[in-house]
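The values are calculated or read from the model by the stated rules, or taken from the named source; none is laboratory data. Being a predicted model, the structure only gives us computed values, none of them experimental. A quick note on method: Cβ atoms are made from the backbone with ideal geometry, for glycine too, and the neighbour counts reach across all protein chains shown. All accessible areas refer to the heavy atoms of the entire protein, side chains included, with ligands and DNA or RNA removed. Shrake-Rupley method; radii C 1.70, N 1.55, O 1.52, S 1.80 Å.
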Amino acid sequence: MIYKRSSALFAEAQKVIPGGVNSPVRAFKAVGGDPIFVKEAKGAYLYDEDGNRLIDYINSWGPMILGHAHPSVVDAVVEKAKKGTSFGMPTEIETKIAELAVSMVPNIDKIRFVNSGTEACMSAVRLARGFTGKDKIIKFAGCYHGHSDSFLIQAGSGAVTFGSPNSPGVTPGTAKDTLLARYNDLANVEEIIKSNKGEIACIIIEPVAGNMGCIPPVKGFLEGLRQLCDHHGILLVFDEVMTGFRLAKGGVQELFGIAADIVTFGKVIGGGLPVGAFAAREEIMNYLAPIGPVYQAGTLSGNPLAMAAGLAMLTELNDHPEIFSSIHKKTEYLHQGMDKVLQESGVTYTINRLGSMISVHFAEDKVIDFESAAKGNNDTFKKFFHGMLDNGIYIAPSAFETWFITEALTYNDLDETIAAVAKVAKTL
Ligand code: KE4
């Protein structure tokens, strides 16, 4: 594949944008080489600035569950834009998407829209602290909840990709209130609770982790967290920025039948435009300004264009729930196909999958937490990434990410991907 124009554009971008990107994980630092500049996208395909067609397994890191430039989303945004792009005043469409989201997701009465997953998670933690009157939070090593100070402690995704899990600029005063637990280790969580009695406002978790690669919860883990929270008066915050409206209409709460106290959203809920949200039962959400004491605000929160894109996306998913089983079947097909060819190649690997989230780890042992994910062979991953790219398949440029399956993928695309894995595996 030729990437001349992408490299030229990257050189220009680096002169005026730090690292040439507006989000670090895009910079290919974990895999080497220059990032690909995309010109346009349609359905399951990206078209880069050098004219290459790539099958997309990132889909903007999750939002494009229906595929790129889905007509109902594009038409909704175009029509809305003609009537003005932002007012800083309440609009009816915010109520419409709020009503729809509340009808789709269990255990929430009210929802507040913001502009990113980071903002949603940051606000959810502030709300939990305000509601409980406690300061500390428990997060899990390898989970990523955005780049707010409280979360950049052994975070996953782009933060760990750079091997600097604790970011400079996060003060010791902030860090002391973030307690770190091991994913899938209930005893460790209980130990931390016991040594911080009465001080913990919430446990925030990716209920199916996606920022260490895909790591599903082991049997009983989420149920155990729910029981610990109930017993110790701690709020359970499900960060469903990745899993929400992807793993099921009602996300992981529906899939596992476990109630969180606060749920955060991003990605799919915005249909590809900048939207985050957090939601809970009424007694918690009424703690929020302007009716409650916990302050949270945003100039572009509930922006009409973003709401139009999100409403169109959620409406499609709500009206066609068969999409969820369809993408799960496609992901299972991909899993089985990759398993077969990787096994035949003799490469050491393991594949994690839950629903339409999947990741390949070049590791000996099962990947069940950050420590085991970090044991993956990154050199092999780099070769795998570039090999797949050279075969027209665009996967996440980091071993600490999940592939996101879109309904727009055909079984031919999946067969092409499996064939590429077979070819690349021989070079590893
Ligand atoms: P944003 O602020 O990037 O919209 O959302 C932060 C966030 C919160 N919670 C979870 C579970 C997330 O996965 C994310 C963001 N995900 C990364 C990809 N792993 C975004 C990609 C990027 O950082 O550019």
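Stokes-Einstein diffusion of region 128-235 at 20 °C, 1.002 mPa s viscosity, Kirkwood radius from Cα pairs, rounded to a whole number: 152 µm²/s. Remark on Lys39: its backbone amide H falls under 5 Å from those of Tyr47, Asp48, Glu49, a criterion applied only to residues 5 or more positions apart or on other chains, H modelled at 1.01 Å from N.
Rounded to the nearest percent, how much of the accessible area of region 71-319 (1.4 Å probe, protein heavy atoms only) is carbon and sulfur? The nonpolar share, carbon plus sulfur, comes to 55 percent.
Residue ranking by accessible heavy-atom surface, 1.4 Å probe, largest first, among His328, His361 comes out as His328, His361. Cross-link pairs exceeding 22 Å in C-alpha to C-alpha distance, out of Lys375/Lys423; Lys39/Lys423; Lys15/Lys39; Lys249/Lys375; Lys249/Lys366, comprise Lys375/Lys423; Lys39/Lys423; Lys249/Lys375; Lys249/Lys366. Within the assembled protein chains, the solvent-accessible surface assigned to Leu222 is about 0 Å², based on a 1.4 Å probe. Set against the 2.2 N^0.38 Å expectation for a compact globular protein, region 71-319 has a Cα radius of gyration ratio of 0.98. Applying a DSSP loop filter and a limit of 13 other Cβ atoms within 10 Å to the trypsin sites (Lys or Arg not before Pro) in region 336-367 leaves Lys366. A cut-off under 12 angstrom between Cβ atoms defines the neighbours of Lys136, and their net charge, with Lys, Arg +1 and Asp, Glu -1, is +2.
Peptides 384-392, 58-66 ordered by packing proxy, namely the average of other Cβ atoms within 10 Å per residue, highest first: 58-66, 384-392. Sparsely packed loop sites in region 57-87 (the trypsin sites (Lys or Arg not before Pro) outside DSSP H, G, I, E and B with at most 12 other Cβ atoms within 10 Å) comprise Lys82, Lys83. On the basis of the beta-carbon distance and an R0 of 35 Å, Lys83 and Ser7 show a calculated FRET efficiency of 0.30.
Paramagnetic label reach from Lys96 (point 7 Å along Cα→Cβ; backbone nitrogen cut-off under 14 Å): within region 291-314, residues 303-314.
If you restrict to DSSP beta bridges whose two residues both lie in region 71-319, what percentage is antiparallel, to the nearest 5? Bridges in region 71-319 that DSSP calls antiparallel: roughly 35 percent. Charge dipole of the chain (Cα centre as origin; +1 on each Lys and Arg Cβ, -1 on each Asp and Glu Cβ, all else neutral): 600 debye, rounded to the nearest 20. Using just its DSSP H runs of length 4 or more, each adding -39500 (n - 2.57), the chain gives a mean residue ellipticity at 222 nm of -12000 deg cm²/dmol after division by all residues. For the chain, the percent of C-alpha pairs falling in each 20 Å distance bin, counted from 0 to the bin holding the largest distance, reads 27, 59, 14, 0. Averaged over its residues, region 71-319 has an accessible area of 38 Å² per residue, based on protein heavy atoms and a 1.4 Å probe. Expressed to the nearest 5 percent, the antiparallel share of DSSP beta bridges inside the chain is 55 percent.
State whether region 1-146 is rounded, prolate or oblate according to the following rule on the C-alpha gyration tensor (a ≥ b ≥ c being the square roots of its eigenvalues): a/c under 1.5 gives rounded; otherwise a/b larger than b/c gives prolate, and the remaining case gives oblate. Oblate shape, in that a/c is at least 1.5 and b/c is the bigger or equal ratio. Compactness of region 59-129, taken as the C-alpha radius of gyration over 2.2 N^0.38 Å, stands at 1.32.
The distance separating the Cα centre of region 1-40 from that of region 134-206 comes to 31 Å. Taking every C-alpha pair closer than 8 Å and separated by at least 6 residues, the mean separation divided by the residue count of the chain gives a relative contact order of 23 percent. The calculated FRET efficiency for Ser72 paired with Lys197, based on their beta-carbon distance and R0 = 51 Å, is about 0.50. Lysine pair count for region 77-188 (Cα-Cα distance under 18 Å; residues 8 or more apart in sequence or on different chains): 6.
Averaging Cα coordinates gives a centre for region 63-123 and one for region 233-261; these two points are 18 Å apart.
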